[in-house]
Amino acid sequence: MPMRYVAAYLLAALAGNDAPQAKDIQKILESVGIEADDTRMQKVISELDGKSIDEVIAQGNGKLASMPAAGAVAAVATSAAVVAGGAAAPAAAEEKKEEQKDSDEGSDDDMGFGLFD
């Protein structure tokens, strides 16, 4: 929920307002039908007061880069499986292709006639 206040602050800053105030954030939020909470607005304003938006975003990107992500865990798990299993994964994929090919070839034979015969 507090992200809407940060987003409104950033929108005001992107519009050229270097130091958005509560009235600016309130105007943005009300334009999309959100009732502004003064306490939360003041919290965002006090946290970002006197800071450059570009610096705050750069700091946030640095923090995000150091966090592990689910994609990184999956990539590590996949590479570990390949190292441990060696050629097991390609063999399984080849076997799956063969099974699919077999099931496609005999699909009309099951009923005793073909659609276009």
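Observations on the structure shown:
- Label zone at Leu11 (point 7 Å along Cα-to-Cβ), backbone N below 11 Å, the stretch 17-33: 25-33
- The stretch 1-66, accessible area per residue, ligands and nucleic acids excluded (1.4 Å, Å²): 72 Å²
The values are calculated or read from the model by the stated rules, or taken from the named source; none is laboratory data. All of these numbers come straight from a predicted model, not from anything done at the bench. When we count neighbours, we look across all protein chains shown, and the Cβ atoms used for this are built from the backbone with ideal geometry, even at glycine. All accessible areas refer to the heavy atoms of the entire protein, side chains included, with ligands and DNA or RNA removed. Shrake-Rupley method; radii C 1.70, N 1.55, O 1.52, S 1.80 Å.
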